[in-house]
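Below is one structure; the comments refer to it alone.
The values are calculated or read from the model by the stated rules, or taken from the named source; none is laboratory data. Nothing here was measured: the structure is a model prediction, and the numbers come from that model. Ideal geometry is used to build each Cβ from the backbone, glycine not excepted, and the neighbour counts take in all protein chains shown.
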Amino acid sequence: MNLSDLLKQDLVEKFESDKEQIENELDNANKKMTSAKNVLGINEWGLAYVTAYNVMLHAGRA
């Protein structure tokens, strides 16, 4: 199944973001990256992993 099929079946919808939304997502990613580094510094590996995952999520959304 490709994107065209998903759009035709209304399983996904087309979305166009604007520059402000992209900047907000990147800003969130940068803030979370700082948090991940701080948590890593106190050897909280699991929390650092989850936070880093959220960094990637926000960066990908941007």
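On the stretch given as segment 43-62, residues that are of a type in the set (D, E, K, R) and either at positive phi or in a helix (DSSP H, G or I) (or both) total 1. Taking the listed residues Leu40, Leu26, the one that is surrounded by 10 or more Cβ atoms within 10 Å (Cβ to Cβ), at pLDDT 90 or above and assigned to a helix (DSSP H, G or I) is Leu26, with no other qualifying.
Of the numbered criteria (1) surrounded by 10 or more Cβ atoms within 10 Å (Cβ to Cβ); (2) without any contact (Cβ under 8 Å) to a residue 24 or more places away in the chain, the one Asn2 fails is (1). Taking segment 9-23 as the range and being of a type outside the set (A, V, I, L, M, F, W, C) and either surrounded by 10 or more Cβ atoms within 10 Å (Cβ to Cβ) or closer than 20 Å to Val50 by Cβ (or both) as the test, the residues that pass are Ser17, Gln21, Glu23.
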